[in-house]
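J.: The following block contains the structure, expressed as structure tokens.
The values are calculated or read from the model by the stated rules, or taken from the named source; none is laboratory data. Bear in mind the structure is a predicted one, so any value in this text is a computation, not a measurement. A quick note on method: Cβ atoms are made from the backbone with ideal geometry, for glycine too, and the neighbour counts reach across all protein chains shown.
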Amino acid sequence: MPAEWARHEATWLTYPKNPDSWPGKIETIYPSYHLFVKTLAECEMVHINVDDDTMLQHVKKELEAIGTNMQNITLHIIPSNDAWCRDHGPAFLVRSAGECAPRAIVNWNHNAWGGKYPYDLDTQVPVRIHEYLISHLSPFTLFEPNIVMEGGSIDVNGCGDLLTTTSCLLNPNRNPQLDQDQIEGYLRDYYGVENIIWLGDGIVGDDTDGHVDDLSRFVSPDTIVTAVEEDAWDENYEPLQKNLRMLNRCRLANGKQPTIVELPMPDLVFYNNQRLPASYANFYIANDKVIFPTYRCLADNQAAYILEALFPDREIIGIDSTDIIWGLGSFHCLSQQMPLAEVKGER
């Protein structure tokens, strides 16, 4: 699996429409979501899954109204339960050499983060995407490991290393029949990695049981950015400090210690007396851009400066996620990159 900064052929999204995911305020998320799509379409192709032709025409009209480059938008009638394409969509792989198909997708099982929500339609999304790819683009191998795995639970650098958390991958609501060694075997076999870096718990309000894309992310082959809470009284302080200590002790596949860069946490975000999992680590690395969530606080600027230093070759764009995070995810959770057939590990 290439790193996210490797050149994309496209980004895949699933259009949000489930009012149960944003109770009482789903209509408020669309200005930010549509801006996210428009920003992506400025630098790469965007594929969007919709439920039916009525939704297709509606989405097309909404995107046209804000001046989206519609030549870079393809809408697919692929029904789903929810919008979190990072988790229900396929994982894309590239083959380093050989005569077989140069790319593949992994159709992991999806159980809605431990059976928390309906997921009957979401489980069909990777197969439907595979059907489209092999009929319209080029050969794509389909792998089906038959275990539960979500895209937001892992992060890779394309050079043999993978980040994940014990709180998610070892949670009995995912694969109770597998121990840590067996899960590591699946990660190595199906992501093409050598070295697995385990972190601990996730942040407060995260219904995924600790997805790593809210915590720590590779930003280059040897650099990891990690969320850190400065307020010692905050519930996130100790879990994030523990993860920081783990990262400071870890080694990469090449034996070297990674550079660790601290990323602040935003001010607390509450809705209906519920604390939401707001984090700047849920950014998405697109072609020529990094799109990160903002939360209407001063820490937005600090996060932007840090990301600008980490990605000097890309434009850093903040988009308001204060309403989107009521769905308990943000831009990285909503998206899945499809790499070019030939990619390089270096940025």
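J.: So which residues in the range 130-188 are among the charged types (D, E, K, R), outside any loop (DSSP other than H, G, I, E, B) and in contact (Cβ under 8 Å) with a residue 40 or more places away in the chain, if there are any at all?
T.: Matches in the range 130-188: 155, 161.
J.: Please work out which one of (1) at pLDDT 95 or above; (2) hydrophobic (A, V, I, L, M, F, W, C); (3) over 16 Å from the mean Cα position of the chain (by Cα); (4) closer than 23 Å to residue 192 by Cβ is the condition residue 29 fails and give its number.
T.: In the conditions (1) at pLDDT 95 or above; (2) hydrophobic (A, V, I, L, M, F, W, C); (3) over 16 Å from the mean Cα position of the chain (by Cα); (4) closer than 23 Å to residue 192 by Cβ, residue 29 misses (4) alone.
J.: Test residue 202 against the stated conditions and say whether it is surrounded by fewer than 20 Cβ atoms within 10 Å (Cβ to Cβ) and modelled with pLDDT of 95 or more.
T.: no
J.: Sticking with this structure for a sec: Do you know which residues across the range 19-29 are surrounded by 16 or more Cβ atoms within 10 Å (Cβ to Cβ) and either in a helix (DSSP H, G or I) or without any contact (Cβ under 8 Å) to a residue 60 or more places away in the chain (or both)?
T.: Answer for the range 19-29, where residues must be surrounded by 16 or more Cβ atoms within 10 Å (Cβ to Cβ) and either in a helix (DSSP H, G or I) or without any contact (Cβ under 8 Å) to a residue 60 or more places away in the chain (or both): 26, 29.
J.: Has the range 60-83 got any residue that is buried (at least 21 other Cβ atoms within 10 Å of the Cβ), of a type outside the set (D, E, K, R), touching a strand residue (DSSP E or B) at 6+ places or on another chain (Cβ under 6 Å) and not in a loop (DSSP other than H, G, I, E, B)?
T.: Scanning the range 60-83 turns up no residue that is buried (at least 21 other Cβ atoms within 10 Å of the Cβ), of a type outside the set (D, E, K, R), touching a strand residue (DSSP E or B) at 6+ places or on another chain (Cβ under 6 Å) and not in a loop (DSSP other than H, G, I, E, B).
J.: Kindly provide the set of residues from the range 296-347 that are of a type in the set (Ser, Thr, Tyr) and within 13 Å of residue 4 (Cβ to Cβ), ordered by number.
T.: In the first step, residues of the range 296-347 are kept if they are of a type in the set (Ser, Thr, Tyr); the result is 305, 321-322, 330, 335.
Answer for the range 296-347, where residues must be of a type in the set (Ser, Thr, Tyr) and within 13 Å of residue 4 (Cβ to Cβ): just 335.
J.: With respect to the numbered conditions (1) small (Gly, Ala, Ser); (2) modelled with pLDDT of 95 or more; (3) surrounded by fewer than 20 Cβ atoms within 10 Å (Cβ to Cβ), which one is the sole condition not fulfilled by residue 91?
T.: For residue 91, the failing item is (3).
J.: Suppose we filter 224, 197, 203 for residues that are farther than 27 Å from residue 93 by Cα and either touching a Cys at 6+ places or on another chain (Cβ under 9 Å) or in contact (Cβ under 8 Å) with a residue 60 or more places away in the chain (or both); which single one remains?
T.: Exactly one residue qualifies, and that residue is 203.
J.: In the range 30-59, what residues are among the aromatic types (Phe, Trp, Tyr) and surrounded by 20 or more Cβ atoms within 10 Å (Cβ to Cβ)?
T.: Residues satisfying the conditions are 33, 36.
J.: I've got another one for you. Answer with yes or no whether residue 287 is among the polar types (S, T, N, Q), within 16 Å of the chain's Cα centre (by Cα), surrounded by 15 or more Cβ atoms within 10 Å (Cβ to Cβ) and within 24 Å of residue 221 (Cβ to Cβ).
T.: So residue 287 fits the description; yes.
J.: Please go through the range 95-115 and give me each residue that is more than 19 Å from the chain's Cα centre (by Cα) and at pLDDT 95 or above, ordered by number. Outline the logic, then answer.
T.: Just the residues of the range 95-115 that are more than 19 Å from the chain's Cα centre (by Cα), to begin with: 95-103, 115.
The one that is more than 19 Å from the chain's Cα centre (by Cα) and at pLDDT 95 or above: 115.
J.: Only residues in the range 52-79 that are in contact (Cβ under 8 Å) with a residue 24 or more places away in the chain count as the first member; pair them with residues that are of a type in the set (Gly, Ala, Ser), Cβ under 7 angstrom, at least 6 apart or cross-chain, and list the lot.
T.: Once the first residue is in contact (Cβ under 8 Å) with a residue 24 or more places away in the chain and sits in the range 52-79, its partners that are of a type in the set (Gly, Ala, Ser) give 68/41; 69/41; 72/41; 73/41.
J.: Out of curiosity, is residue 317 at pLDDT 95 or above, buried (at least 17 other Cβ atoms within 10 Å of the Cβ), in contact with a strand residue (DSSP E or B) (Cβ under 9 Å, 6 or more places away or on another chain) and under 20 Å from residue 215 (Cβ atoms)?
T.: no
J.: Another question, then. In this structure, does residue 143 turn out to be over 24 Å from residue 53 (Cβ atoms) and out of contact with any Phe, Trp or Tyr (no Cβ under 7 Å at 6 or more places or on another chain)?
T.: no
J.: Okay, moving on. May I ask you to list the residues in the range 13-25 that are touching a Phe, Trp or Tyr at 6+ places or on another chain (Cβ under 9 Å) and within 18 Å of residue 35 (Cβ to Cβ)? Give the derivation first.
T.: From the range 13-25, those touching a Phe, Trp or Tyr at 6+ places or on another chain (Cβ under 9 Å) are 13-16, 18, 20-25; that's our starting set.
Matches in the range 13-25: 13, 14, 15, 16, 22, 25.
J.: Another question, then. Restricting to the range 329-343, and then to whatever is within 9 Å of the chain's Cα centre (by Cα) and assigned to a strand (DSSP E or B), can you tell me which residue is surrounded by the most Cβ atoms within 10 Å (Cβ to Cβ)?
T.: By that ranking, first place goes to 336.
J.: May I pose another question? Pick out, from the range 202-315, the strands (runs of 3 or more DSSP E) lying fully within it that include 2 or more residues that are within 28 Å of residue 42 (Cβ to Cβ) and touching an Asp or Glu at 6+ places or on another chain (Cβ under 8 Å). Before the answer, list the steps.
T.: Numbers: elements: 216-220, 223-228, 259-264, 284-286, 289-294.
In the range 202-315, the matching strands (runs of 3 or more DSSP E) lie at 216-220, 223-228, 284-286, 289-294.
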